[in-house]
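Reading through the structure tokens given below for one structure.
No lab work stands behind these numbers, since they all come straight from the coordinates. Since we're looking at a predicted model, the values are computed, not measured. Because the Cβ atoms are built from the backbone with ideal geometry, glycine has one as well, and the counts that use them run over all protein chains shown.
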Amino acid sequence: MRKIVAGNWKMNGTRENLVEIKKISDRFSGSDVDIVICPPFTLLSAAKEIATNIFIGAQNLHVENSGAYTGEISAVMLEDLSVTHAIIGHSERRNEYGETNDVVARKVTTALKKKLNVILCIGESELERNENKTLSVLKEQIYGSLKDITDIENIIVAYEPIWAIGTGLTPSLAEISTTHDSIRLNLLEMYGSSASNIPILYGGSVNGLNASEIFSVANVNGALVGGASLSFDTFSPIVKAIENKT
Ligand code: 13P
């Protein structure tokens, strides 16, 4: 199983922050972890040039490849920059920009056609968690977002409980275990035994202090990191926590 630590910079970072990406790329050359940094669109081109040892990903893309969609970025444009990954269906996009499972599914299809690795985000809200709906919400998101997909080679799933994003709160290890096991089962139901190779990342307030114990949970194959991915100093301990782990 590939181990992946991805950093989602969200709407943060200007050219002066590229040095962080360069440091990460230099330090983790030859690592057994796939490191993916997803800066804002404005930094993708420059990041690709300096980050020769890690992957660079986008945070979103449009369903269509070109056309009258002011302000949008397409998979063709990402392909043109040799970007290798795209985050799709982040809860911030689902909630603030109305991305339904249906829209997410169309984006996944578009991205895979351009050979992008898709980091598909799923996660329950605090209310859904309190109503004990976590596993059913996740199942609906998985089935809905992957409904048109038969080839799962380039799929990565990231479980991000919405209430854990940017809050400093994380589920207990037992909860992470139950959730990731359930996601794995859903994927196995959909795709059979080949789904045992789909990396499942945990995201939501991952930092250098909690990463190691989170990575010790079965079916946690890496992390999708927000705030702590913005600097080399806070991101490195997270990568180190999974390096050399079997
Ligand atoms: P934080 O690590 O800042 O909680 O963000 C998680 C996230 O949303 C990554 O996509």
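Laid out as a table, the results:
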| quantity | calculated |
| --- | --- |
| Count - residues of region 172-204 that are buried (at least 22 other Cβ atoms within 10 Å of the Cβ), within 16 Å of the ligand (Cβ to nearest atom) and in a loop (DSSP other than H, G, I, E, B) | 1 |
| Residue list for region 205-215, restricted to those being within 8 Å of the ligand (Cβ to nearest atom) and either free of Cβ contacts under 8 Å to residues at least 24 places away in the same chain or β-branched (V, I, T) (or both) | V206 |
| Top-ranked residue in region 77-92 [being hydrophobic (A, V, I, L, M, F, W, C) and part of a helix (DSSP H, G or I); ranked as farthest from the ligand (Cβ to nearest atom)] | M77 |
| Only listed residue being under 24 Å from G208 (Cα atoms), in contact with a Gly (Cβ under 7 Å, 6 or more places away or on another chain) and more than 16 Å from the ligand (Cβ to nearest atom), chosen from K10, K3 | K3 |
| Output for region 224-246, where each listed residue is within 13 Å of the ligand (Cβ to nearest atom) and either without any contact (Cβ under 8 Å) to a residue 12 or more places away in the chain or outside any loop (DSSP other than H, G, I, E, B) (or both) | L224, V225, G227, A228, S229, T234, F235, I238 |
| Residues of region 151-171 satisfying the condition of being more than 16 Å from the ligand (Cβ to nearest atom), touching a residue at least 40 places away in the same chain (Cβ under 8 Å) and out of contact with any strand residue (DSSP E or B) (no Cβ under 6 Å at 6 or more places or on another chain) | I152 |
| Output for region 65-96, where each listed residue is of a type in the set (S, T, N, Q) and either in contact (Cβ under 8 Å) with a residue 60 or more places away in the chain or within 22 Å of I142 (Cβ to Cβ) (or both) | S91, N95 |
| Leading residue by the ranking (farthest from the chain's Cα centre (by Cα)) among those in region 130-174 that are under 20 Å from A6 (Cβ atoms) and among the charged types (D, E, K, R) | E153 |
| Qualifying residue in region 215-238 (condition: more than 24 Å from S29 (Cα to Cα) and of a type outside the set (V, I, T)) | yes |
| Among (1) over 27 Å from R106 (Cβ atoms); (2) within 16 Å of the ligand (Cβ to nearest atom) - the single one A218 does not satisfy | (2) |
| Inter-residue pairs, beta-carbon under 7 Å, first closer than 14 Å to H90 by Cα and in region 102-122, second away from the ligand (no atom under 15 Å from the Cβ) and assigned to a strand (DSSP E or B), 6+ apart | V118/I155; L120/I155 |
